Each structure stands twice: as structure tokens, then as C-alpha cells.
Amino acid sequence: MMFNVIVILVLAVILLAAAVYAVAQKDLLYAVLATGVISLILSVFFFIMQAPDVALTEAAIGIALTTIIFIITIRNTSRREDEVPVEHEPDRVDKESKIIKQ
Amino acid sequence: MKKLLVILLLAVVAYSLGTALMSVKFGENRLGKVQDEETVSAFYLNNTPEKLSVANVVTAIVVNYRGFDTLGEVSVLFLAAMGLGSILYHRHKEGEEEEAILKPSSQLVQAGSKLIFPAILVLGAYVFIHGHLTPGGGFQGGAIIATGFLLMMMAYKDYKVSHKVLTWVESIAGVTFAGIGMWGLIVSQSFLENTLPIGTLNNLFSGGIIPIIYVAVGFKVAAELTGVLDTLLNIKDKH
Amino acid sequence: MNLDTNLLMSIGVYGSAIGLILIGLYAVLIKKHLTKIVIGLSIIDAGIHLLFIAIGYISGGTAPIFSPAGEKIVANGGIMVDPVPQALVLTAIVIGFAVTAVALSLVIRLYRHHHTARIDQIKSLKW
């Protein structure tokens, strides 16, 4: 019983630290990895509270798939949060909604 | 100024959640006696091993007692995959060369992933076939299979998953799910009614329509998630 | 000593669930970069799922599966935890992933058009 309590408290501290790190970090790649760590610890919590189906689902979907779609988004947008964009006029479109190359 | 207001709002939310959770004691037994069936959960726990012969009560709830909600969830996943594909649509102009988005990976990764990919597929299939006996089910197995395809897509530069096959698999699985529901409606006047023979507890062929529906859901979720990942990984870079 | 461990466990689990919801809400309201806002949404989802499963837990209970071992436990007078919140959270996790995927595709599309992903730099609302 005591062992259970210690494990839960240690995991809760790591969980909140990872959440604060995910929100405060300016480099988005590390923030996304911290979100993966949150899913991992959450899966362990679900197992401790006797819910094996939910733990399997959170592990399969939250750790692998959510992290990968975030990383693909970072690759297609900017890597850092405080990036100042280059001055660029927005693309103009013609009558058939095709983008006119400047 | 805005930060102050937000912190005030967060304090109000924390206070209200905290006082509300003070009255919900952690670990208290709210089910009552299971045989008396005073609550809905007690009813599910009491009737699942006898009336349905299914070992996993969560599977019985998701597929049989609340099966219509699972049909809704599967259609939400389908809508998400469709929305993603249409938002990221890029018309291919002629003469535009297809540049690869990923660098080729090392020899170790390529050889290893070719070895481990069938094992991941078998694990995913095992999880969704035995969904009514052990923890698992359609969604978990589908996600595992999609992760296997993701491994192959990232190890090999030009690993293509045929979109036609994915579309057919997904459509047939969805039609199977809805078709079993309509069959229940025709035979015994209730959508998704359990009509096949029940069998004995802890057998592979038990539980009536529950394993069949979960196999269909497993295939559908695997095909959808693979399609989503394929769409995302093939975004052509503009610069 | 018995009540003390229960109080510590409830503070640990409920506290982390409420903490996750608050941190995610802060990220959604204050941050300016769109990907960071979607990360905040995902953290709020995680907190709510933890809260659900924590409410459905019964101390001394076991997983709601009637395997041969589970049947033996029930025959000896044991109890099982509440299966209904687990079924709800199973659906909620999958739908949360679907919503995150569509939100990120919108972020990619916005970046392609405006060449920035910060909401205080997107000013051209002419279209």
C-alpha cells in the first residue's frame, strides 16, 4: 500500500514538471517530446488504477501517433516559437482561386 | 493586464474543481452490492458473463450495450481522415518534380524494420481478434497496425501504400459494421441486437456478434490511421 | 494510517489531473504560436481523461475482466472497479486524437498561406 502511494506521488511530480516544461519551452520539438512523456506517465497511471484497456489505448495512440503528427507539423511550419517571420506580402489569388506567383 | 485576468480565471477554475472534488472520496465503493443491481455498472457487471459470455466487460459495454456510440465514433474518425485529406489537398501541376520529404535512413534501420514489420502486424491482429477475452480491442489493434506501417514509411524513402487498397478495406469494414446492425434490425427488431449463438465463456468464438464487429472496427481504424499518416508524410514542400 | 494513505493518493491523482487542466488552459489562453495552442488542447484532454478514471476507481478492486483468475477473485468475495468510465474514456481518447489531427492540418494550411504561425502576425484579413 505504501509502495503504491510513493509511486503515485513521484509520477505525479514528474507529470506536472513535464507539463510545465511543455508549455514554457520555446523550442517546439522539445515541447512535443514532453507531451509524449505526459502520455507515457498517464498510461502508467491508468494501469495502476486497474484500467488495462484504457492504458493500451493511451499508449498506442498518445505516444506514437500524436507525437509523429506534431513533428510533421513542426517540419512544415516553424521550429521555434519566437520566430519573427520575414516580411512577405500575402499571396494574391486570381478569379479561379489560383495563387499568383509574385 | 490580460495575464492577470487569465490567472484570475485559472484560480476560479482551480477553486471550484477542488471544492467539487473534495466531496468525491477517492476509491469509495459507489456500486452497491453487485447482485442487487442498484446501479448501471452493477447491472453490466452482473449480466455480462451469463447473458453474453464475454470476459471483458469494457468490450461488452463498448460494442454491445453502447454499440451505437461506437458506430458514431468510427464515423467521426472517418470524417477526420476525410477532412484532413481535403484540407491538405495539393493539385499536382505538370512538370513539378516529386521531391522526397525524408532522407534515406541507415542500413541498420532498413534491415531491422523489414524484420520487425510482420511481427507488429501479427501483434495488432492478435489484439483486435482477442478483444473480448483480454484487454484490447479494435481501436488498440488498429493503432498498433498503423504504427507498423509508419515504421516502414519512415525507414524506406519511397514505400508506397496503395490508396485503392486502403479505401476498399475501409469501406468493406464500415459496411460490415452497419450491415450487422441492419441484420439485427431485420431479424429481431432492434438495431445491433446480438443474434448469433452465444457460446461459452472464455472461448474464442463466443459473444455472438461482438468479435465480428471488433474485427471490422480494427480493420477500419488501421486503414484510416494509415491513410492519415500517408497524407501527412507526403506533403510536398513548397520551399 | 489507512486514511492517511488514501488522502495522499487522492491528493496525488486529483491534484495532477487538475494541474494538467490548468496548465493546458494557460497554454490555450496566453500563448501566441498555433502549435503551442494545440499542444495545450492535448494536455487538457489528458487531464480530463485522468479525472474520469480516477473517479471510477474503487480501492481494493481489480480490473473488470472475467478471465479464470477474475472469476476466482469474484467467487472469493472480491470487487471489480467501475467499467463505465473506462468505456467513456476509450472513446474520448480516439476522438481527441482525431480532433488534434484536424487542428494540425489547419495549422499547416494557415502557415502555407500567411508564412507565419503566430496569431498576432496574421493581420491580413482581406480575404
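Since every read-out is calculated from the coordinates, none of them should be taken as a lab result. This is a predicted model, so every value here is computed, not measured. Here the Cβ is made from the backbone with ideal geometry for all residues, glycine too, and neighbour counts use every protein chain on show.
From helices alone, chain A scores -19500 deg cm²/dmol at 222 nm; the rule is -39500 (n - 2.57) for each run of n ≥ 4 DSSP H residues, then divide by the residue total.
Considering helices alone, the calculated mean residue ellipticity of chain B at 222 nm is -20500 deg cm²/dmol, with DSSP H runs of length four and up weighted by -39500 (n - 2.57) and normalised per residue.
For chain C, a Gaussian network of Cα nodes joined below 10 Å ranks C:50, C:41, C:106 by mean-square fluctuation, and the top entry is C:106.
Dipole check for chain B: with +1 at the C-beta of Lys and Arg, -1 at the C-beta of Asp and Glu, and the Cα centre as origin, the magnitude is about 500 Debye.
Could you give the angle, 0 to 90 degrees to the nearest 10, between helix A:2-24's Cα long axis and the longest principal axis of the Cα atoms of chain A? Tilt of helix A:2-24: around 10 degrees. In a reduced charge model with +1 at each Lys and Arg Cβ and -1 at each Asp and Glu Cβ, chain C shows a dipole moment near 1000 debye about its Cα centre.
Of B:194, B:46, B:56, the residue with the greatest mean-square motion in the GNM of chain B, using alpha carbon springs below 10 Å, is B:46. Stokes-Einstein, applied to the Kirkwood radius of the protein assembly as shown over Cα pairs at a viscosity of 1.567 mPa s and 4 °C, places its translational diffusion at 54 µm² s⁻¹. Taking other C-beta atoms within 10 angstrom as a stand-in for reagent exposure, B:53, B:23 fall in the order B:23, B:53, fewest first.
For chain A, the relative contact order works out to 23 percent when only alpha carbon pairs closer than 8 Å and six or more residues apart are counted. A straight Cα-to-Cα reach below 26 Å connects residue A:95 with the lysines B:93, B:236, B:238, C:123, C:126, residues fewer than 8 places away in its own chain not being considered. The value of relative contact order for chain B, using C-alpha pairs under 8 Å at least six residues apart, is 25 percent. Which one of C:92, C:107, C:42 is farthest out on the positive end of the charge dipole of chain C, using unit charges on Cβ (Lys, Arg +1; Asp, Glu -1) and the Cα centre as origin? My answer, from the dipole projection, is C:107.
Mean per-residue shielding of peptide B:46-55 is 2, counting Cβ atoms of other chains within 10 Å of each Cβ.
Considering all projection directions equally, how large on average is the shadow of the alpha-carbon convex hull of chain B, in square nanometres? Could you put the intermediate results ahead of the total?
Numbers: hull surface 84.6 nm².
Average projection, Cα convex hull of chain B: 21.1 nm².
Converting the Cα gyration tensor eigenvalues of region B:55-94 into ellipsoid dimensions via √(5λ) gives semi-axes, longest first, of 36, 9, 5 Å. Relative to the longest principal axis of the Cα atoms of chain C, the long axis of helix C:84-114 lies at roughly 10 degrees.
Using Cβ point charges alone (K and R +1, D and E -1), the dipole size of region B:117-239 about the Cα centre works out to roughly 280 debye. Remark: mean inter-chain Cβ contacts per residue of C:37-43 equal 5, using a 10 Å Cβ-Cβ cutoff to other protein chain atoms. Return the single residue from B:179, B:207, B:124 with maximal mean-square fluctuation; model: Gaussian network over chain B, springs between Cα atoms under 10 Å. In this elastic network of chain B, the residue with the biggest mean-square fluctuation among B:179, B:207, B:124 is B:179. Exposure proxy ranking for B:71, B:225, A:56, based on other Cβ atoms within 10 angstrom of each Cβ and starting from the fewest, stands as B:71, A:56, B:225. Partner shielding of A:19-30 amounts to 4, given as the average count of beta-carbon atoms from other chains within 10 Å of each residue beta-carbon. Note that region C:2-114 shows a convex hull volume over its alpha carbon atoms of 104 Å³ per residue.
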